[in-house]
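Student: Pasting in a structure now, in structure tokens, and then I'll have a few things to ask.
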């Protein structure tokens, strides 16, 4: 009786702030005691406390059984507490759930609607596949309950059931569809909600519902529902462009008329989706785009940050298909980059990539770099960094005119963002630029040397190390361009604490540099020099030799052995002759070493592998080593009998323990033989492959222009093989504080600014320089190093200074965009996959209709079915609308020959899709062509009438078209006539509208004097008593 | 779909947590913590949308929040929800709380976490918006409260007695007991 109740518990926790954990542990002990008692009220109290404790992060699943006990109480008070606890701590995998099935069923069927309501709310949080299967029928029954409260909850519940038990979807769907026209707006809204969720993942199955939704959209005034419907249309239009055409008009009207920002925004979004889906053709839609962009501009300039954010978000969607219309608002978007709100800046960043041009790239990047210096919060800085790279690298560096500038920017990024997680990305960029823009290499290698020299190794583990990987690789690979090879070599050899894979690259590139230097010595006949070089490198490599990274160790070891070999050759002649000439063997070794690294890399498309034909005789499914013989079938399946015999003999041998050795060694020998063969085969295959590659026109060869093209294919390949995956190559950071660099900085805050300045100056001169320009243009290509001074002479757009090698070898019929990991997109655990069920609307409708209209003749029923079938669109026809049109025409032929002729002569015939339920356009009746409106259908069976009428109407429509040469839009309005009446015959529709209008009036608070004065628990902390200031009306107009 | 609804105060203390997808208790606390860190560092005059809770959701999910005095109301939703719509839903939620608790403050949420849950369950069910009309919501809640009052008619009497006893401030009441003025009484006593 005097147990703690929830209030006591909360108070106790607040009074024990210092040892909360201890106090709670003590409480849990008490709760366990209480749960052991028989009194249900005591248990109920205990469970209520547990629910609170759960929120604080304590596991309460141990009390699952007690929770179920409380749930099963007949009192609503306990039941509610029990279901709340269950919804907080049970989950679909809870084993206890199987105990609950019957109890929940009882609650669902309870006389008291709140018992069922509470059960549904709880169930929605923890329903399992088993429960779904067992309770699906009960919930479906509730969908037609007389109480709207239960219908509404049951409808929502069905969605959860579908997720766990997809088989329920098909039988439940007709009912769900029926709920779309439920008299209660809440139920209607719930049904829309569920179908929207279903259709979001599998839109094509719900296309046939478009007419119903279209009708709802044009009749409803419930903004919540409208938003959902409009969102749904946004998902449907990509599948059915013709739907989009129908939507534009009502949506535009809504945009003009609505005062609710949320609705306006969703309308704009869907119009954008429509415009994207029908972007081809349709010239008159530029008006819609303009409207959207204008409205969005209003949102963006709004002082409400939320609207600004959403405006930018929607802009980015337009940008993809209609970049031009967005670009006119460049000023606005660039201004948002300076907004104080990070979310808004991020959205503006998203838009930025559409805003850049050759002209303004440098300036925008400069601004972003400025932001990076100021910005706090690594996530935002990372995002900035990513965007800088994204806008520069887009479309193969389309907008980068000067790659020395870009290199400098990358290096600056490295220095600015030592803690960034995008080290790998920068590394990729460095490599990509160095490889694909040959002229920038000389600049790059020197930058990279500086980076290697001064990159501050911070203790903090981050991915920026990766840039060292790239830097080391670049200086090694393009060592020919280095100004001071020896210095670079020494920098690489400097002992530093770096991750193993980067050190590995260091060692590898030390060899490259060594080979380069040795070759130079060779040319100069500098015998002492080469000896000194060998000794120096050997000595320094010892440090790598001791690395505990196996890769580094191995590479260092190989390098040492190689150099020692050379060293040995060098020392031998020193004994017999002091001529100083280099012994021929040494020359040969140096040349061989140089050969190892000769050859040039060219970019490889991600899917280039597909270009390589499968060599003859290579069977990828063949066993390399036969699987172990324990599996009887594997030894040799052709000789079943023999095998049986052998295995029998084998068994026998095993049993006797003698003579088995012979047999065993035999098979062992066989296997060993196949193993021995492998290296030979490999060798042979490799040779074959090399020949094949050299003869194969599809194989990627070094560009003929490269000086190293003369070098044999084999070395080329070895080089390429080594770096198969460019992405794996590590990258180094460039230090900037170097004397050489300092020279560049005179009077400029940032090195990269220099290029911007040059560009601007050049732009100023451009007019006078026009003549010169033509000449210098040619020289640019040959003398790129000097060229950037004249780079920006062009008047309109700066001419690219450097040329990007964009050759990507691609197999025929493969595009970069068709992703190979398409399959990966599908989450195998996504329950919506199972819900991809084709819902044949016709099949549902036909029987229902047949039962209702008993008087209808068989003929008409079948005709209706045929018609209904024509409405449901199968995915195939969605892909090829023309096909569908043809189909419908064929159907028409079957029904009325005369109509067929008309339909065919009417090439622009609008699809039937919308006709059934299309908008009750008030003007429609004015057209005065509705011969059918004398039938005034009752609500119950108006849909059947609709169908019949539609047929007639169709004939009507086409004939009218022939006569009047009306446009598609007029067809739209004529087809709508029947629906106009329908909505009139629908008293509920209007009632619900009225209700909604009432519902969404904003109520303002509040007579403060009405406060109840005494609240016992208010005393402890005044801080909590702050009123929440709710009276501020929300921006929304709901 | 709404994935989670969190209410916490300016110090990150959870006042209500409702997850419509299962996370174990540890993860729930981490999510609350992370969400608090994301939300709390934002000024009041910036927008109410936030991307990038790494633990909950992913790219498709957004945090939509409102800040009232000492409390943050955060909804984690996916792209099928309208951003402005959810903002309005939060407003409806808080206004409903305000009506039910009569000028709600953080203490109400602390001491009546269960009641807040019950109110919420009339707005959102299993991650889907159930009812957005405040009057309807309040009718439902009042109906249920009536039901509970009926049930507790007689059986609640002891409970009420207990709560009265518990809230009795005995030391104070002893002090307040008025005893007759003894000396005077003695004086008045006439032998």
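Derivation of every value follows stated rules applied to the coordinates shown; laboratory data play no part. Predicted model only: the values in this text are computed from it and were never measured. Glycine gets a Cβ as well: all are built from the backbone with ideal geometry, and neighbour counts include every protein chain shown.
Student: According to the Kirkwood expression over distinct Cα-Cα pairs, how big is the hydrodynamic radius of the range B:1-149, in Å?
Tutor: 15.6 Å
Student: Quick check on the range A:427-557: take the gyration tensor over C-alpha atoms, sort the square-rooted eigenvalues as a ≥ b ≥ c, and tell me if it's rounded (a/c under 1.5), prolate or oblate.
Tutor: oblate
Student: Further, regarding this structure: Taking 35 Å as R0, compute the FRET efficiency from the Cβ-Cβ separation of residue B:79 and residue A:59 and round it to 0.05.
Tutor: So, using R0 = 35 Å, E works out to roughly 0.60.
Student: If I stretch the segment between residue A:99 and residue A:454 completely, what's the gain in nm (0.36 nm per residue apart, minus their alpha carbon distance), one decimal?
Tutor: 121.0 nm
Student: Under the definition of partner shielding as Cβ atoms of other protein chains within 10 Å of a residue Cβ, what is the mean value for peptide B:107-117?
Tutor: Partner-chain Cβ atoms within 10 Å, mean over residues of B:107-117: 6.
Student: Between residue A:378 and residue A:259, what is the label-to-label distance in nm when each label sits 7 Å out along the Cα-to-Cβ direction?
Tutor: Output for this residue pair reads 5.0 nm.
Student: Would you calculate the separation in nanometres between label points at residue B:10 and residue A:321, each defined as 7 Å from the Cα along the Cα-to-beta-carbon direction?
Tutor: In this crude spin-label approximation the distance works out to 4.7 nm.
Student: Answer rounded, prolate or oblate for the range A:24-66, using the Cα gyration tensor with square roots of eigenvalues a ≥ b ≥ c: rounded when a/c is under 1.5, else prolate when a/b is larger than b/c, else oblate.
Tutor: It comes out prolate by the Cα gyration axes.
Student: To continue, here is another question. Where the Cα atoms of the range A:212-265 are projected onto their three principal axes, how long is each span, largest first, in whole Å?
Tutor: 29, 18, 17
Student: Could you calculate the contour length gain from residue A:520 to residue A:30, that is, 0.36 nm times the residue separation minus the distance between their Cα atoms, to one decimal place in nm?
Tutor: Contour length minus the Cα-Cα distance gives 167.8 nm.
Student: How do A:412, A:249 rank when sorted from fewest to most other Cβ atoms within 10 Å of their own Cβ?
Tutor: With the sparsest Cβ surroundings first, the list reads A:249, A:412.
Student: Separate question: For the range A:339-458, just say rounded, prolate or oblate: build the C-alpha gyration tensor, square-root its eigenvalues into a ≥ b ≥ c, call rounded for a/c under 1.5, and beyond that prolate if a/b exceeds b/c, oblate if not.
Tutor: Verdict is oblate for the range A:339-458.
Student: If you don't mind, there's one more thing I want to ask. Within 10 Å of each residue's Cβ, count the other Cβ atoms and sort B:44, B:24 from fewest upward.
Tutor: Least to most surrounded, the residues fall as B:44, B:24.
Student: If you take each beta carbon of peptide A:195-202 and count the beta carbons of other chains within 10 angstrom, what is the mean?
Tutor: 2
Student: Right, here's the next one. Give me a single rounded figure for A:75-82: the average over its residues of other chain Cβ atoms within 10 Å of their Cβ.
Tutor: If you average over the peptide's residues, the count of other-chain Cβ atoms is 4.
Student: Moving to a separate point now. Return A:687, A:355 ranked ascending by Cβ neighbour count within 10 Å, so the fewest neighbours appear first.
Tutor: Going from sparsest to densest Cβ surroundings: A:687, A:355.
Student: I would also like to ask the following. Return one quarter of the surface area of the convex hull spanned by the alpha-carbon atoms of the range A:115-198, equal to its mean projected area, in nm².
Tutor: For the Cα atoms of the range A:115-198, the hull's average projected area reads 4.7 nm².
Student: Another one. What FRET efficiency would be calculated for the residue pair residue A:588, residue A:551, taking the C-beta separation as r and a Förster radius of 25 Å, to the nearest 0.05?
Tutor: 0.30
Student: Can I ask one more? Note down the relative contact order for the range A:94-171 as a percent, whole number, built from C-alpha pairs under 8 angstrom at least six residues apart.
Tutor: Computed value for the range A:94-171: 30 percent relative contact order.
Student: Quick one: if you stick a label point 7 Å off each Cα along the C-beta vector at residue A:612 and residue B:149, how many nm between them?
Tutor: 8.1 nm
Student: Only Cα pairs under 8 Å and at least 6 apart count here; give the relative contact order of the range B:1-149 as a rounded whole percent.
Tutor: So the answer I get is 23 percent.
Student: For the pair residue A:249 and residue B:142, what calculated FRET efficiency results from E = 1/(1 + (r/R0)^6), where r is the Cβ-Cβ distance and R0 = 60 Å, to the nearest 0.05?
Tutor: After rounding to 0.05, the efficiency reads 0.85.
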